[in-house]
1. How much area per residue is accessible in region 17-139 when the probe is 1.4 Å and only protein heavy atoms are counted (Å²)?
2. Whole-Hz Karplus ³J(HN,Hα) for region 102-111, in order, using 6.51 cos²θ - 1.76 cosθ + 1.60 and θ = phi - 60°, x for Gly and Pro?
3. How much length is gained if the chain between Gln25 and Leu55 is pulled fully straight, taking 0.36 nm per residue apart and subtracting their Cα-Cα distance, in nm to one decimal?
4. How are the Cα pair distances of region 217-322 distributed, in percent, across 5 Å bins from 0?
5. Just list whichever of Lys34/Lys239; Lys26/Lys239; Lys27/Lys239; Lys229/Lys308 have alpha carbons separated by over 22 Å in the model shown.
6. Probe radius 1.4 Å, ligands and nucleic acids ignored: give me the carbon and sulfur share of the accessible area of region 168-255 as a rounded percent.
7. Heavy atoms only, probe 1.4 angstrom, no DNA, RNA or ligands counted: give me Met212, Met172 ranked by accessible area, highest first.
8. Taking Rh as the Kirkwood radius computed over C-alpha pairs, what is the Stokes-Einstein D of region 1-118 at 4 °C in a medium of viscosity 1.567 mPa s, expressed in µm² per second?
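The values are calculated or read from the model by the stated rules, or taken from the named source; none is laboratory data. What you see is a predicted model; the values in this text were computed from it and never measured. A quick note on method: Cβ atoms are made from the backbone with ideal geometry, for glycine too, and the neighbour counts reach across all protein chains shown. Just so you know, the surface numbers come from the protein's heavy atoms only, side chains and all, with ligands and any DNA or RNA stripped out. Shrake-Rupley method; radii C 1.70, N 1.55, O 1.52, S 1.80 Å.
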Amino acid sequence: MNYNINFQVAAVIITALLLYHFLTQKKLHNANVKTFTYILVLSGLYILSDLLGTLTIMNYTAEDEGTVMGILTGIYLLDILIPYILYSCIPDSRENEKKSGALSVICAGITVAMMIAVLGNLGSGGFFCFDSNGVFQKGTGYVFLYLYALVYIVLIMQRMIRSREDYTPEKMSIAGEFLVIEGVCIGVELYTGYIFLSDFGLALGLIFLYLMMNNPGDYIDSTTGAFDKRYFDNWIQEKFTKGIEFHVIAVELFMLKQINKVYGSSTGDLLLVQIARELQNITGSVQVFRTTGNCFLIITDSLTEYEKKDRRLRTISKNLLKLTGKKSLFRQSSAGLSTVKRWRRKMYCWHISSI
């Protein structure tokens with residue numbers, strides 16, 4: 001039989017491009033990013049293994065039957081193992097820890113049973129085999145491979161939804177669209193037997209998840225390119241919850257409204273963009289947030305890093321003078337705030353003269 005692998009090839013290309021853009025974009029190392037990284041990498045391996053399995057079937061020869069069956073068995077074992085690993089990597093909400101723990105045990109048992117059944121296929125042919133003419137034949141148990149994958153997709157989506165409370169209804173609908181598309185693709189593949197659409201549906205689902213979980217437009221300030229206040233609030237709350245130590249340096253611009261009035265808002269926006277870039281360059285960090293119209297926050301993860309960047313920021317007045325070409329005043333004040341562990345806060349006040 002001739003198989004249509006065009007959709008599988010397209011799925012590999014889509015996933016590779018998505019992985020490239022995701023890894024190269026500016027992002028914070030929080031739980032949400034880690035979760036999506038697991039999803040993207042493991043789903044990519046799943047799609048790639050399916051393509052390799054199809055190519056192995058298409059190049060089957062009777063002389064290599066033992067080798068081909070061994071390769072296919074290994075690929076299907078990987079296809080069974082990846083969904084369980086992915087499900088285990090995604091954190092669940094605290095309220096559902098006991099329930100999810102019991103469900104994880106059940107999933108582990110089902111996964112082991114499926115792997116044993118696939119290994120037993122070498123003798124029984126209950127999942128797949130090749131007939132005397134060298135044609136790949138699906139056994140009665142083959143449909144369980146699809147049902148197994150579909151169940152895990154639903155479980156993974158449910159766990160993600162339970163763990164995130166700040167998704168808008170519009171974004172939640174994206175998860176539903178993903179499940180519908182993937183279900184339709186699996187149904188078409190099961191019905192036709194030669195059009196492999198399930199991986200393509202999974203690749204489209206990865207795009208939907210990217211828009212829902214890691215769309216840069218959701219957390220990047222449109223004016224300066226720094227992270228915005230909404231992202232800061234969510235990220236800091238995660239650090240509070242986990243009791244992680246962090247330190248804050250605050251930089252505030254005064255008389256920005258006067259500059260906007262005298263020189264126009266475009267000049268004020270340009271100044272904000274240049275200051276955001278300068279803060280990122282001087283601190284060497286992407287952890288720069290614009291929390292209000294004239295305030296930036298820089299987060300450091302250790303006291304040593306905090307003190308190092310504190311010293312480097314003392315030169316900011318000279319850099320600002322070069323950027324604006326105008327006289328500027330620089331004043332520093334400090335304040336300490338107590339958190340789960342420690343929150344050191346340094347305030348730099350930039351008095352910008354419009355003269």
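1. 51 Å²
2. Computed from phi, the couplings for region 102-111 are 5, 5, 5, 5, 5, 4, 4, x, 5, 5 Hz.
3. Details: separation 30, 0.36 × 30 = 10.80 nm, distance 3.32 nm.
Length gained, Gln25 through Leu55: 7.5 nm.
4. For region 217-322, the pair-distance distribution reads 2, 12, 22, 23, 20, 12, 6, 3, 1, 0.
5. Going by Cα-Cα distance, Lys229/Lys308 fall outside the 22 Å limit.
6. Answer for region 168-255 is 65 percent, counting heavy atoms of protein chains only.
7. Output order, biggest surface exposure first: Met172, Met212.
8. 78 µm²/s
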